[in-house]
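These notes concern the structure reproduced below.
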Amino acid sequence: MNKKDSFVFYGTFLDTIEKLEQAGQQDLAYKVLKAVVDVGIYGEYTGGDPLVESFLPTMQLSIENAAKRYEAASNGGKKSNHSSAFDKDLIIELKLQGMKNADVAQIVGEKSTKGTCSAKTVSRVWNEYLKDMGQSETKVGQIEMSTMDKPGQK
């Protein structure tokens, strides 16, 4: 387990713990507090108490999201693009089927609760995927062309 020096502790975490204390559940309040600290510092809770674990999903998600934002900021503070609001896997799947950016954008936008998706967003996600795969748009086109049947071949 990697140990972190710090994490974001939200006021809503304290609200939950205080409500447990007010309900006479001091032992449970302490266990939840300890579990939140374990998640924040070590990245996971290993205590195994199902009741404590029932409090953790949203708290853990909040801690992880804050850590991601911190990491992004410490890597130059580059603003994230809006492509993360859309289903990247769907974009890639449709592009692998050979669909045009505008058509992919329309389908992704219709399935998204985030609003419309632009062809530019599709292009950005597709180019990130190609970069991760160590390819370029040109290379992909050459690969597709080389694997296609030539006229007169079966």
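The numbers here are math on the coordinates, done by the rules we state, and not lab data. Treat the numbers as computed from the prediction; the structure is a model and nothing was measured. Please note: Cβ atoms are built from the backbone with ideal geometry, for glycine as well, and neighbour counts cover all protein chains shown.
What is the local net charge at Gln60, summed over the other residues whose Cβ is closer than 11 Å to its Cβ (Lys, Arg +1; Asp, Glu -1)?
Details: positive: none; negative: Asp38, Glu44, Glu53, Glu64.
Net local charge, Gln60 excluded: -4.
Overall size of segment 11-74 from C-alpha positions, given as principal axis extents largest first: 41, 24, 15 Å. Extension gain, Asn127 to Gln22, is 32.5 nm, computed as 0.36 nm per intervening residue step minus the present C-alpha separation.
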